[in-house]
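I have placed the structure first, in the form of structure tokens, so that the comments after it can refer back to it.
The values are calculated or read from the model by the stated rules, or taken from the named source; none is laboratory data. Here the structure is a predicted model, which means the values were calculated and not measured. Here Cβ is always computed from backbone atoms with ideal geometry, including for glycine, and neighbour counts include all displayed protein chains.
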Amino acid sequence: MGVSKSTVSRALSEKGRIGKATRMKIQAYALEQGVWKKESEESKKSKTQNIAVVIPTDAYTTSVPFFQECLLGISEVAAMLDYNVLVTIGTPNDISGIQVLLNKNIVDGIILLRNMEEDRLLRYLAEIRFPIALAGTCVYDDVIQVDIDNREASERLVSLLIGQGYRQFAFIVGDTSYHVNKCRAQGCYDALDRHGVSRENQMFYMNYVNMELIDSIISDILSKKMECIICGDDVICTRIMSKLQAEGYRIPRDIFIASLYNSTSLECFSPAVTAINVSERQVGNTIGRQLINRLRGDVYKSDNKVGYEILIRKSTGKLYTL
């Protein structure tokens, strides 16, 4: 091309003084010859080999194994792919801590382990197009999403119970501003509607966060002769089961119970509790690998679904005998 090696070097590295026309001509020739690949703006940024995982603030105030197991899964993949994992505590409406990480160029990507409706942190990261992965589902196409089909899983579990003759349910679901709880609640509604079971004959305790109400809720459920309690997650189920057994109620003889999310604590009850089981470690493995693939410029998948299984146990009585 009639230019010096130093000129070629400056053109391809985009460093040093060189005319724009000359730089573009050299780059075009190098691209054509297959000896150079133009870096994206994202890849030009200095790489730290760090990813941050944002743990919800309540992860350690309640016994929620999902976050810890998911973090282990992320760490396993990160170590294998030569990345480091930084853990930070965050809330959906506080972006200050994340802004510090970004301003100091400490991390290359961020993983959020939970999202809410109107999630300010998720919206902020999506709008600045920072590499993000989410354990959940959102409306932002550029965000890597890894989720379980909680709506389908809940619908299937409740449908199984309806298929065995249950018609009166008490549904106890946590804060529905969290996407996961909203999906689980909708799955329960879907099952009732699909099988023509009237919603009016059911009891619904949505946005259950005040544990002091547990006595009145249980009393209300039993006085109205509900057949089965459906708990939105393992934390709710553990407290309901413990309270019922402490009061001398016999499960499943006096009432049936199931959970829309499993944990080891539900296996330890006698009887063990029917529940939807998910591999949190697999969620972590998947979300970590897809984000790091993106950061490395490798092929990655934006929309990922992790499987689940319905564990049928003695807490649902008749269903267990099938």
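Within segment 105-116, can one find any residue that is over 23 Å from Y205 (Cβ atoms) and surrounded by fewer than 20 Cβ atoms within 10 Å (Cβ to Cβ)?
Checking segment 105-116: at least one residue is over 23 Å from Y205 (Cβ atoms) and surrounded by fewer than 20 Cβ atoms within 10 Å (Cβ to Cβ).
Are any residues in segment 134-152 of a type in the set (S, T, Y) and at pLDDT 95 or above, and if so, which ones? Walk me through how you get there before you give the answer.
Applying the first criterion (of a type in the set (S, T, Y)) to segment 134-152 yields 137, 140.
Selection gives nothing.
If we scan segment 85-104, do we find a residue that is of a type outside the set (D, E, K, R), free of Cβ contacts under 8 Å to residues at least 60 places away in the same chain, within 18 Å of I144 (Cα to Cα) and in a loop (DSSP other than H, G, I, E, B)?
There is at least one residue in segment 85-104 that is of a type outside the set (D, E, K, R), free of Cβ contacts under 8 Å to residues at least 60 places away in the same chain, within 18 Å of I144 (Cα to Cα) and in a loop (DSSP other than H, G, I, E, B).
Looking at segment 150-268, what strands (runs of 3 or more DSSP E) fall wholly within it and have at least 3 residues that are buried (at least 19 other Cβ atoms within 10 Å of the Cβ)? Steps first, please.
On the way: elements: 169-172, 203-205, 228-231, 256-259.
So the answer is 169-172, 228-231, 256-259.
What are the residues in segment 282-310 that are charged (D, E, K, R), out of contact with any strand residue (DSSP E or B) (no Cβ under 8 Å at 6 or more places or on another chain) and modelled with pLDDT of 95 or more, if any? Quick ask: steps written out before the conclusion?
Of segment 282-310, the ones charged (D, E, K, R) are 289, 294, 296, 298, 301, 303, 305, 309.
Narrowing further to those that are out of contact with any strand residue (DSSP E or B) (no Cβ under 8 Å at 6 or more places or on another chain): 289, 296, 298.
Listed by number, the list holds a single entry, R289.
If Q68 meets every condition in (1) under 25 Å from the mean Cα position of the chain (by Cα); (2) of a type in the set (S, T, N, Q); (3) modelled with pLDDT under 80 apart from one, which number is that one?
The single condition Q68 does not satisfy is (3).
Looking at (1) assigned to a loop (DSSP other than H, G, I, E, B); (2) under 17 Å from V146 (Cβ atoms); (3) of a type outside the set (D, E, K, R), which is the one condition that is false for G297?
(2)
Identify the single condition in (1) surrounded by 13 or more Cβ atoms within 10 Å (Cβ to Cβ); (2) closer than 22 Å to D175 by Cα that L81 does not satisfy, given that it satisfies every other one.
(2) is the only condition that L81 fails.
Could you tell me whether segment 7-22 includes any residue that is in contact with a Phe, Trp or Tyr (Cβ under 8 Å, 6 or more places away or on another chain) and either modelled with pLDDT of 85 or more or closer than 19 Å to M116 by Cα (or both)?
Step one: list which residues in segment 7-22 are in contact with a Phe, Trp or Tyr (Cβ under 8 Å, 6 or more places away or on another chain), which gives 12.
Going one step further and asking which of them are either modelled with pLDDT of 85 or more or closer than 19 Å to M116 by Cα (or both), we end up with none.
Taking every residue of segment 7-22 in turn, none turns out to be in contact with a Phe, Trp or Tyr (Cβ under 8 Å, 6 or more places away or on another chain) and either modelled with pLDDT of 85 or more or closer than 19 Å to M116 by Cα (or both).
Look through segment 23-53, keep the residues that are at pLDDT 75 or above and polar (S, T, N, Q), and return whichever of them is farthest from I111 (Cα to Cα). Steps first, answer last, please.
Filtering segment 23-53 for residues at pLDDT 75 or above gives 23-31, 47-53.
Add one more test, that the residue is polar (S, T, N, Q), and what stays is 27, 48-50.
Values: Q27: 35, T48: 15, Q49: 14, N50: 11 Å.
My answer is Q27.
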